[in-house]
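J.: Sharing a structure, written as structure tokens. Questions coming.
What follows draws every value from the coordinates through simple rules; no lab data is involved. Since we're looking at a predicted model, the values are computed, not measured. Neighbour counts are summed over all protein chains in view; Cβ atoms, including those assigned to glycine, are modelled from backbone coordinates with ideal geometry.
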Amino acid sequence: MIITKSTPYAKKEIKKLQEVFDTYIKTVIDVERRICSAGCDRHFESEQILLEQGSKQPDLWGGGIDIDTKEIDFNSFINIRSKDNNASNEILDPEKRKIYDELTSYFFKEIL
């Protein structure tokens, strides 16, 4: 189940987000508008939702959170964008990576 919002996820919502991968939740975050779309099977699904809601491609970054280890990762195929100077699955820009990390911690503060 994909849930897209600008406020932190409640524990009940996090349980629903775990339906796809159980201990891992894929996320796409609009780092400018501070909106998270989570619970997708493939990052492009959440990316599409955010684009339809007015997000701009350069502001969207993908990754996820491991529920067991509480580790945030910055890895997604949607991150490969040469025009945004990101030639990797990983978010390479330290500032964007920091913002993504902070926003993930905010959205998932119920479990982190």
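J.: Considering only residues that are in a loop (DSSP other than H, G, I, E, B), out of contact with any Gly (no Cβ under 7 Å at 6 or more places or on another chain) and surrounded by 13 or more Cβ atoms within 10 Å (Cβ to Cβ), which ones fall in region 65-79?
T.: I67
J.: Is it the case that N75 is closer than 19 Å to S105 by Cα, in contact with an Asp or Glu (Cβ under 9 Å, 6 or more places away or on another chain) and polar (S, T, N, Q)?
T.: Judged against the criteria, N75 is a match.
J.: Here is a follow-up. Any residue in region 17-33 that is part of a helix (DSSP H, G or I) and under 22 Å from M1 (Cβ atoms)?
T.: The answer is yes, given that some residue of region 17-33 is part of a helix (DSSP H, G or I) and under 22 Å from M1 (Cβ atoms).
J.: Can you tell me which residues in region 41-74 are aliphatic (A, V, I, L, M) and closer than 18 Å to Q18 by Cα?
T.: I65, I67, I72
J.: Related question: Among the residues of region 24-34, is any more than 10 Å from the chain's Cα centre (by Cα) and buried (at least 16 other Cβ atoms within 10 Å of the Cβ)?
T.: Yes.
J.: Something else: Of all residues being among the polar types (S, T, N, Q) and under 20 Å from F44 (Cβ atoms) in region 83-110, which is surrounded by the most Cβ atoms within 10 Å (Cβ to Cβ)? Just the residue, please.
T.: T104
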